[in-house]
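Asks: Here it is, the structure in full.
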Amino acid sequence: CKTAAVKDTVTNTNQQSLKMNNPIITDKYTADPAALVYKDKVYLYTGHDVPEKGVQSYRMNDWLVYSTTDMVHWQEHPVPLKTSDFAWAKGDAWAGQVIERNGKFYWYVAITHGTIHGKAIGIAVSDSPTGPFKDALGKALITNDMTTKTNISWDDIDPSVWIDDDGQAYLFWGNTVCNYVKLKENMIEMDGPMQIIDLPNFTEAPWIHKKKDWYYLSYAYQFPEKIAYAMSKSINGPWEYKGILNEVAGNSNTNHQSIIDFKGKSYFIYHNGVIPTEGGSFRRSVCVDRLYYNPDGTMKRVVMTSE
Ligand code: FUB
């Protein structure tokens, strides 16, 4: 598999000082990682692929949460959120992200709508990063009615959320087109028009992070998915495309990234399908690797590791 092949590169370049034990979770299939740094811990929210014999499509009914203080030892917490917690939805616990504001934790998720044909973005809220979370709105914040789409065959609208230095919150999402909108301080209402960001080969999975005075918008690129990114001096753009950050992850058509800094180091968190025998596009596993920046702020390509 691809991850085994890059192991020597890692050793030779001496980039990797900490063994990540990839995949980091092996007793369950986990996907679509979204990490939150809060106080002295990292909370990792993931999707959960449920293997079903002979089924080659997503079976995802709940989301999972793990925490760590060292990025190596991960503690699993009780299931924090299920598709059935959204009464208006039909199923499919797809990608999402959690953010903290004023002591509350808001979880934006992609989920299949019960009556509108397609995916929607729901919001769950909790007083604790580990939940339990409950539906914050009682309806979808954003819907993606597929009956109006003629040129797209899939309807993933992975949300990603960001609170800027001035306190303004933003929601990013999209499939084939990246959209964003301001959120009100209550985090559950939009505040202004939806806008579009022009990014080459945008598929899905936007993720915003900031380092020094640069904003980074990384996303799943083409299909099978690589991770590419753009940079800007402002959250409102203009965004300049900077290239590929991560190759197609071993044995999975999708890739999905989360980028954080924790205790002075930068991390790239993603999924692949390398668990022997059953692993694949619908039985994925979350991995963590170190991320390094160049002096001009661009990011070095991530070297995927298998341990
Ligand atoms: O896990 C289901 C979907 O596959 C996610 O929403 C996408 O990001 C892709 O990983």
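The numbers here are math on the coordinates, done by the rules we state, and not lab data. Here the structure is a predicted model, which means the values were calculated and not measured. When we count neighbours, we look across all protein chains shown, and the Cβ atoms used for this are built from the backbone with ideal geometry, even at glycine.
Asks: How much length is gained if the chain between ASN102 and LYS210 is pulled fully straight, taking 0.36 nm per residue apart and subtracting their Cα-Cα distance, in nm to one decimal?
Replies: Numbers: separation 108, 0.36 × 108 = 38.88 nm, distance 2.04 nm.
Here the answer is 36.8 nm.
Asks: Take the Cα atoms of the stretch 30-171, find their three principal axes, and give me the spread along each one in whole Å, biggest first.
Replies: Principal extents (largest minus smallest coordinate, Cα): 46, 43, 26 Å.
Asks: Go through 293-303, 205-215 and give me the packing order, highest mean Cβ count within 10 Å leading. Write out the running numbers ahead of the final one.
Replies: Working: 293-303: 14.2, 205-215: 18.0.
In decreasing order of mean packing, 293-303, 205-215 become 205-215, 293-303.
Asks: Can you figure out the FRET efficiency of VAL72 with ILE244, using R₀ = 30 Å and their beta-carbon distance, to the nearest 0.05? Display every interim value, and only then the final one.
Replies: Numbers: r = 27 Å, r/R0 = 0.90.
Rounded to the nearest 0.05, the efficiency is 0.65.
Asks: Need the full-extension length gain, ASN21 to LYS265, defined as separation in residues times 0.36 nm minus the C-alpha distance. One decimal, nm. Mind dumping the intermediate values first?
Replies: Values: separation 244, 0.36 × 244 = 87.84 nm, distance 1.70 nm.
Extra length available between ASN21 and LYS265 comes to 86.1 nm.
Asks: Hand me the trypsin sites (Lys or Arg not before Pro) from the stretch 22-100 located in a DSSP loop with no more than 13 other Cβ atoms within 10 Å, in residue order please.
Replies: LYS39, LYS53
Asks: Between GLY118 and residues 5 or more places away or on another chain, which pairs have amide H atoms under 5 Å apart, with H built 1.01 Å from N, and which residues are they?
Replies: Those lying under 5 Å, H to H, from GLY118 are HIS113, MET146.
Asks: Just the C-alpha atoms of the stretch 61-119: what Rg/Rh do they give, with Rh taken as the Kirkwood radius?
Replies: We get a ratio of 1.05 for the stretch 61-119.
Asks: Separate question: Determine which lysines satisfy two conditions relative to LYS53: a Cα distance under 20 Å, and not lying fewer than 8 residues away in the same chain.
Replies: LYS28
Asks: Which entries of LYS134/LYS212; LYS182/LYS212; LYS119/LYS263; LYS134/LYS226; LYS134/LYS182; LYS134/LYS263 show an alpha-carbon separation above 27 angstrom in the structure shown?
Replies: On the way: LYS134/LYS212 35 Å; LYS182/LYS212 22 Å; LYS119/LYS263 36 Å; LYS134/LYS226 33 Å; LYS134/LYS182 22 Å; LYS134/LYS263 31 Å.
Going by Cα-Cα distance, LYS134/LYS212; LYS119/LYS263; LYS134/LYS226; LYS134/LYS263 fall outside the 27 Å limit.
Asks: Another question, then. Where nothing but the Cβ of Lys and Arg (+1) and of Asp and Glu (-1) is charged, how large is the charge dipole of the stretch 151-254 around its Cα centre, in debye to the nearest 20?
Replies: Details: 8 positive and 15 negative charges, 69 e Å.
The calculation lands at about 340 debye.
Asks: Kindly provide the GluC sites (Glu not before Pro) of the stretch 150-224 that DSSP labels as loop, not H, G, I, E or B, and whose Cβ sees at most 14 other Cβ atoms within 10 Å.
Replies: Within the stretch 150-224, the qualifying GluC sites (Glu not before Pro) (loop, at most 14 other Cβ atoms within 10 Å) are GLU185, GLU189.
Asks: Right, another one. For the chain, what is the calculated [θ] at 222 nm in deg cm²/dmol (nearest 500), taking -39500 (n - 2.57) for each run of four or more DSSP H residues and dividing by its residue count? The partial results should precede the final answer.
Replies: Numbers: 2 runs with 11 residues, N = 307.
Value at 222 nm, helices only, nearest 500: -1000 deg cm²/dmol.
Asks: Additional query: Using unit Cβ charges (K, R positive; D, E negative) and no other charged atoms, how large, in debye to the nearest 20, is the dipole of the chain about its Cα centre?
Replies: On the way: 31 positive and 35 negative charges, 82 e Å.
Value, rounded to 20: 400 debye.
Asks: May I ask which of LYS39/LYS90; LYS210/LYS265; LYS104/LYS184 have a Cα-Cα span longer than 23 Å here? Don't skip to the answer; put the middle values down first.
Replies: Working: LYS39/LYS90 35 Å; LYS210/LYS265 14 Å; LYS104/LYS184 15 Å.
Table pairs above 23 Å Cα-Cα are LYS39/LYS90.
Asks: Now for a separate question. Report the calculated FRET efficiency for TRP88 and ASN294 (r = Cβ-Cβ distance, R0 = 51 Å), to the nearest 0.05. Intermediate results must be reported in sequence, preceding the final value.
Replies: On the way: r = 45 Å, r/R0 = 0.89.
Plugging the Cβ-Cβ distance into 1/(1 + (r/R0)^6) gives 0.65.
Asks: Okay, next question. Based on other C-beta atoms within 10 Å, arrange HIS113, HIS73 from fewest to most. Can you show the working numbers first?
Replies: Values: HIS113 23, HIS73 11.
Fewest-to-most ranking of HIS113, HIS73: HIS73, HIS113.
Asks: So what is the relative contact order of the chain, in percent, for Cα pairs below 8 Å that sit 6 or more residues apart? Spell out each step's value before the answer.
Replies: On the way: 807 pairs, mean separation 52.4, N = 307.
Computed value for the chain: 17 percent relative contact order.
Asks: Right, another one. Quick check: from the Cα gyration tensor, does the stretch 223-292 come out rounded (a/c under 1.5), prolate or oblate? Mind showing how you got there, number by number?
Replies: Working: a/c = 3.10, a/b = 1.65, b/c = 1.88.
Oblate is the answer for the stretch 223-292, as a/c is 1.5 or above yet b/c matches or exceeds a/b.
Asks: Then there is this: Can you put TYR270, TYR170 in order, fewest other beta carbons within 10 Å first? Don't jump to the answer; show the numbers that get you there.
Replies: Details: TYR270 29, TYR170 19.
The most exposed by this proxy come first: TYR170, TYR270.
Asks: Considering only the other residues whose Cβ falls under 11 Å of the Cβ of ILE235, what net charge follows from Lys and Arg at +1 and Asp and Glu at -1?
Replies: Details: positive: LYS182, LYS210, LYS233; negative: ASP164, ASP165, ASP166.
Value of the local net charge: 0.
Asks: Multiplying the sequence separation of HIS117 and LYS41 by 0.36 nm and subtracting their Cα-Cα distance, what value in nm do you get?
Replies: Numbers: separation 76, 0.36 × 76 = 27.36 nm, distance 3.84 nm.
Between HIS117 and LYS41, full extension yields an extra 23.5 nm.
Asks: Only four residue types carry charge here, +1 at the Cβ of Lys and Arg and -1 at the Cβ of Asp and Glu. Report the dipole size of the stretch 72-175 about the Cα centre in Debye, rounded to the nearest 20.
Replies: Working: 8 positive and 13 negative charges, 75 e Å.
Charge dipole, the stretch 72-175, about its Cα centre: 360 debye, nearest 20.
Asks: Right, another one. Classify the chain from the C-alpha gyration tensor, please: rounded if a/c falls under 1.5, else prolate or oblate depending on whether a/b exceeds b/c.
Replies: Values: a/c = 1.34, a/b = 1.18, b/c = 1.14.
Here the chain falls in the rounded category.
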